[in-house]
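Student: One structure follows; several queries about it will come next.
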Ligand SMILES: Nc1ncnc2c1ncn2[C@@H]1O[C@H](COP(=O)(O)OP(=O)(O)O)[C@@H](O)[C@H]1O
Ligand SMILES: [Mg+2]
């Protein structure tokens with residue numbers, strides 16, 4: 001048996017002229033709970049739909065276990081529980097009837113159906129509402145029904161597309177808890193555009209932007225990457241009132257030891273320039289003063305700030321900045 005549950009190799013998807021996925025490659029080992037993170041339009045749903053066998057790729061390959069999802073769609077789908085983005089349910093149906101219907105579609109053996117439905121309903125906290133019509137349920141409960149439906153055939157892999165989208169904070173906590181429980185025995189890939197979403201649930205984060213992978217790390221390391229470092233906002237003026245050359249100053253700041261990047265920031269009016277200097281764990285202020293002196297600059301302001309995890313995410317996914 002292969003040790004990876006998901007293997008995606010050079011995956012591409014074009015919708016006419018739109019290139020939604022542009023050569024995605026990654027692997028997810030068995031048992032991992034992975035957050036698939038990216039801004040709207042990044043290609044998350046497209047990738048997940050391909051993986052779930054509901055959309056054909058333009059190029060590349062996707063495997064679930066050792067099964068190519070295009071070549072072995074039926075066998076692959078048996079391993080997969082999929083909660084699509086819109087979670088389409090049959091509104092007019094009673095919860096219990098819907099779960100029976102899904103068990104039927106999913107070929108759950110007849111003699112196991114009642115037990116599987118009971119167990120899925122219990123795990124997803126649906127016992128009290130099985131006799132209600134789906135259209136009477138809150139959005140949180142509808143997501144629970146979607147999750148129950150996804151686990152009825154006891155798949156090894158859960159593909160959950162924005163499972164907490166549109167839920168209120170209490171419902172989010174409940175669904176996260178449920179996903180965490182399911183993650184104890186299954187491989188899970190869940191998508192979200194909210195960074196904090198993955199911190200409590202996932203052991204690994206894949207970040208995609210415009211159809212490409214831009215980060216693959218643990219939530220802890222992503223946090224450390226940003227919290228271990230910081231940024232210094234500086235405003236400079238020429239020491240003798242001379243002209244300032246932004247490009248030269250930016251290059252000098254960028255060349256300082258420990259600096260990971262320099263962005264333009266607000267100055268304080270004419271004759272001044274502002275920069276935001278991002279750095280790692282070390283304190284760069286001393287070097288900053290030395291650099292200023294060397295370039296005949298006066299530091300009008302030096303202000304240290306933290307780089308948030310949100311900022312790291314924005315940096316990774318902000319294509320206007322990308323070279
Ligand atoms: N059925 C479709 N037809 C045409 N373009 C699509 C279709 N589905 C998605 N797209 C486009 O593909 C890109 C990726 O979309 P999607 O995979 O839904 O991203 P995400 O789930 O990360 O928000 C977007 O530019 C989107 O507009
Ligand atoms: Mg989506």
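The values are calculated or read from the model by the stated rules, or taken from the named source; none is laboratory data. Note that the structure is predicted; figures quoted are calculated from it, not measured. Backbone-built Cβ (ideal geometry, glycine too); neighbour counts: all protein chains shown.
Student: What number of residues within the range 47-56 are within 12 Å of ligand 1 (Cβ to nearest atom), touching a strand residue (DSSP E or B) at 6+ places or on another chain (Cβ under 7 Å) and over 14 Å from residue 206 (Cβ atoms)?
Tutor: 1
Student: Can I ask one more? Just to verify a result, which residue in the range 29-38, among those that are more than 7 Å from ligand 1 (Cβ to nearest atom) and either in a loop (DSSP other than H, G, I, E, B) or more than 16 Å from residue 161 (Cα to Cα) (or both), is nearest to the chain's Cα centre (by Cα)?
Tutor: Kept after step one, since they are more than 7 Å from ligand 1 (Cβ to nearest atom), are these residues of the range 29-38: 29-37.
From what is left, the residues that are either in a loop (DSSP other than H, G, I, E, B) or more than 16 Å from residue 161 (Cα to Cα) (or both) are 29-32.
On the way: 29: 17, 30: 19, 31: 18, 32: 14 Å.
The selected residue is 32.
Student: If you don't mind, there's one more thing I want to ask. For the range 202-220, indicate whether the set of residues that are over 19 Å from residue 314 (Cα atoms), within 13 Å of the chain's Cα centre (by Cα), more than 16 Å from ligand 1 (Cβ to nearest atom) and buried (at least 21 other Cβ atoms within 10 Å of the Cβ) is non-empty.
Tutor: Filtering the range 202-220 for residues over 19 Å from residue 314 (Cα atoms) gives 202-203.
In the following step, the residues that additionally are within 13 Å of the chain's Cα centre (by Cα) were identified as 202-203.
Retained after the next criterion (residues that are more than 16 Å from ligand 1 (Cβ to nearest atom)): 202-203.
Okay, now just the ones that are also buried (at least 21 other Cβ atoms within 10 Å of the Cβ), so 202.
Yes: the range 202-220 contains one or more residues that are over 19 Å from residue 314 (Cα atoms), within 13 Å of the chain's Cα centre (by Cα), more than 16 Å from ligand 1 (Cβ to nearest atom) and buried (at least 21 other Cβ atoms within 10 Å of the Cβ).
Student: Which of the residues that make up the range 7-28 are crowded, with 16+ Cβ neighbours inside 10 Å, under 16 Å from the mean Cα position of the chain (by Cα) and away from ligand 2 (no atom under 16 Å from the Cβ)?
Tutor: 26, 28
Student: Taking the stated definitions as given, is residue 179 more than 14 Å from ligand 2 (Cβ to nearest atom) and crowded, with 19+ Cβ neighbours inside 10 Å?
Tutor: Yes, satisfied.
Student: So, in the range 1-28, of the ones that are part of a strand (DSSP E or B) and at positive phi, which residue ends up farthest from ligand 1 (Cβ to nearest atom)? Outline the logic, then answer.
Tutor: So the first thing to find is which residues in the range 1-28 are part of a strand (DSSP E or B), and the list is 4-15, 18-28.
In the following step, the residues that additionally are at positive phi were identified as 10, 23.
On the way: 10: 17, 23: 14 Å.
Within the range 1-28, the match that is farthest from ligand 1 (Cβ to nearest atom) is 10.
Student: Still on this structure, please answer the following. Among what's in the range 270-284 and is part of a loop (DSSP other than H, G, I, E, B), over 13 Å from residue 302 (Cβ atoms) and modelled with pLDDT under 90, pick the residue that is nearest to the chain's Cα centre (by Cα). Steps first, answer last, please.
Tutor: Kept after step one, since they are part of a loop (DSSP other than H, G, I, E, B), are these residues of the range 270-284: 270-271, 280-284.
Now narrow it down to the ones that are over 13 Å from residue 302 (Cβ atoms): 270-271, 280-282.
Narrowing the set further to residues that are modelled with pLDDT under 90 leaves 280-282.
Values: 280: 24, 281: 25, 282: 29 Å.
Taking the candidates together, the pick is 280.
Student: Going by the conditions given, is residue 242 over 30 Å from the mean Cα position of the chain (by Cα) and part of a strand (DSSP E or B)? It would help to see each step written out before you state the result.
Tutor: Working: over 30 Å from the mean Cα position of the chain (by Cα): yes; part of a strand (DSSP E or B): no.
Against the criterion (over 30 Å from the mean Cα position of the chain (by Cα) and part of a strand (DSSP E or B)), residue 242 does not qualify.
Student: Filter the range 65-88 for residues that are more than 23 Å from residue 15 (Cβ to Cβ) and in contact (Cβ under 8 Å) with a residue 40 or more places away in the chain; which is nearest to ligand 2 (Cβ to nearest atom)?
Tutor: 81
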